[in-house]
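For reference, the structure discussed in these notes is given below.
The values are calculated or read from the model by the stated rules, or taken from the named source; none is laboratory data. Computed from a predicted structure; not experimentally measured. When we count neighbours, we look across all protein chains shown, and the Cβ atoms used for this are built from the backbone with ideal geometry, even at glycine. The accessibility values were calculated without ligands, DNA or RNA, using every heavy atom of the protein model including side chains. Shrake-Rupley method; radii C 1.70, N 1.55, O 1.52, S 1.80 Å.
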Amino acid sequence: MFDINQAILAIDHAETLDALEALRVQFLGKNGEITLLMKKLGQMTQDERSSFGPLFNGYQREANAAIASRKTALESAVLDARLANERIDMTLPADAAPKGSIHPVSQVMDELAEIFADMGFAVATGPEIEDDWRNFTALNIPETHPARAMHDTFYFPDKDAEGRAMLLRTHTSPVQIRTMMSQQPPIRIIAPGRVYRSDSDATHTPMFHQVEGLVIDRGIHMGHLKWTLETFLKAYFERDDIVLRLRPSYFPFTEPSAEVDVGYKQEKGRRIVGGHGDDDAHAWMELLGSGMVNRRVIANCGLDPDEWQGFAFGVGVDRLAMLKYGMDDLRAFFDGDLRWLAHYGFGALSVPTLSGGISA
Ligand code: PHE
């Protein structure tokens, strides 16, 4: 004989949701004990039905209610267990040694951005896939100019929609063009990024990094250029005895142009930047190219060169990293050797700041 109290007791003591479901099937499923009782009502007389009907309906209601409340209890127990299990104590100290490191190139680019931000420079970017107009023509390097051959350019087989040859930019100077064409002077930007030339040995890799600098304003002259470079290099190398020598040079996009040398001293096979290159212990090393932005370049970008002048410079980021942090083979920068990265890499939290120290 079916006993509702036994049934309720069993439901209240179901240990798991699966066990509860089995009981539901046992009592209320298609062939469940209560379901079969309900089916019997059909064969009963009117009198029997009026007394057993409410009784069996009551069984059904009570069993359903007991199952629903047990289900809620079991589900919240499951959730509590999961929450307890997945609890993370955020106040515990990190116990694993941090894996991975910031590549010196990324670190140096962050250092440069920080130093130049302090002088009011914004960071500008351009695509690594450029067209030959921005990479060459607009920079006053016409089709027949030997500089095009000198750059050992990687070209793409197809031209772009405007019929311009597409290439991997050979320097960051096209960002000068993009910036002058998209914003009004005064302009003060640096543009760090990857550049490509078909060239490879211990000091050249087919991909390397440059940072471009560009200032466009009224009345800008070489004095501004020299002060900016001096201030930048003192902050970057974190020493005051940085001495620069500007040598006349030639770039199609600057006029006049200057190659900038910095005094250094040879120490244990390493070049230490600093000091005057003309005394006995020191020599000069070529560091970067620069000059006053050529009037033609300013005009090519739709600005009036009688109103706006400026200076530009370009420097190798990898080279800057090697000089500061003492690596001697450029190729190792791009080998992805974990031992090299562990040795020369930077912690993710050592963010360069002027207040905390550029190379912290
Ligand atoms: N773009 C030149 C190079 O790659 C460097 C440069 C930049 C020189 C800006 C002058 C002014 O060699």
Exception for GLY263 within (1) part of a strand (DSSP E or B); (2) closer than 24 Å to PHE116 by Cα; (3) touching a residue at least 24 places away in the same chain (Cβ under 8 Å) falls at (3)
Per the filter on the range 127-148, residues at pLDDT below 85 and among the basic types (Lys, Arg) are ARG148
Those residues of the range 1-21 which are open to solvent by less than 30 Å² (accessible area, probe 1.4 Å) and more than 23 Å from SER50 (Cα to Cα) amount to ALA7, ILE11, ALA14, LEU20
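For every residue, the table says whether it meets (1) of a type in the set (Gly, Ala, Ser); (2) exposed (fewer than 13 other Cβ atoms within 10 Å of the Cβ); (3) within 14 Å of ILE8 (Cα to Cα).
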| site | (1), (2), (3) |
| --- | --- |
| LEU23 | no, no, yes |
| ASN31 | no, yes, no |
| MET44 | no, no, no |
| ILE67 | no, no, yes |
| LYS71 | no, no, yes |
| GLU75 | no, yes, no |
| ILE88 | no, yes, no |
Taking the range 176-218 and the residues there that are modelled with pLDDT of 95 or more and in a loop (DSSP other than H, G, I, E, B), the one that is nearest to ASP306 (Cα to Cα) would be ARG218
Looking across the range 320-329 at residues that are assigned to a helix (DSSP H, G or I) and not charged (D, E, K, R), the single one that is nearest to the ligand (Cβ to nearest atom) is LEU320
Exception for PHE251 within (1) open to solvent by 30 Å² or more (accessible area, probe 1.4 Å); (2) away from the ligand (no atom under 13 Å from the Cβ) falls at (2)
Checked the range 283-319 for anything on the phi > 0 side of the Ramachandran plot and in a loop (DSSP other than H, G, I, E, B); matches are GLY302
Taking the range 176-189 and the residues there that are within 16 Å of the ligand (Cβ to nearest atom) and among the hydrophobic types (A, V, I, L, M, F, W, C), the one that is surrounded by the fewest Cβ atoms within 10 Å (Cβ to Cβ) would be ILE187
When the range 161-175 is checked residue by residue, the ones that are part of a strand (DSSP E or B) and within 15 Å of the ligand (Cβ to nearest atom) are LEU167, LEU168
Within the range 325-360, the residues that are at negative phi, more than 19 Å from the chain's Cα centre (by Cα) and open to solvent by less than 30 Å² (accessible area, probe 1.4 Å) are MET327, LEU330, ALA332, ILE358
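Going by the structure shown, is THR153 out of contact with any Cys (no Cβ under 6 Å at 6 or more places or on another chain), open to solvent by 80 Å² or more (accessible area, probe 1.4 Å) and either on the phi > 0 side of the Ramachandran plot or not aliphatic (A, V, I, L, M) (or both)? Quick ask: steps written out before the conclusion?
Details: out of contact with any Cys (no Cβ under 6 Å at 6 or more places or on another chain): yes; open to solvent by 80 Å² or more (accessible area, probe 1.4 Å): no; either on the phi > 0 side of the Ramachandran plot or not aliphatic (A, V, I, L, M) (or both): yes.
So THR153 does not fit the description; no.
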The number of residues in the range 197-215 that are over 24 Å from MET180 (Cβ atoms) and more than 11 Å from the ligand (Cβ to nearest atom) is 10
Per the filter on the range 263-317, residues aliphatic (A, V, I, L, M) and within 14 Å of the ligand (Cβ to nearest atom) are LEU287, LEU288, MET292, VAL293, VAL297, ILE298, ALA312, VAL315, VAL317
How many residues of the range 330-356 are in a loop (DSSP other than H, G, I, E, B), hydrophobic (A, V, I, L, M, F, W, C) and in contact (Cβ under 8 Å) with a residue 40 or more places away in the chain? The answer is 3
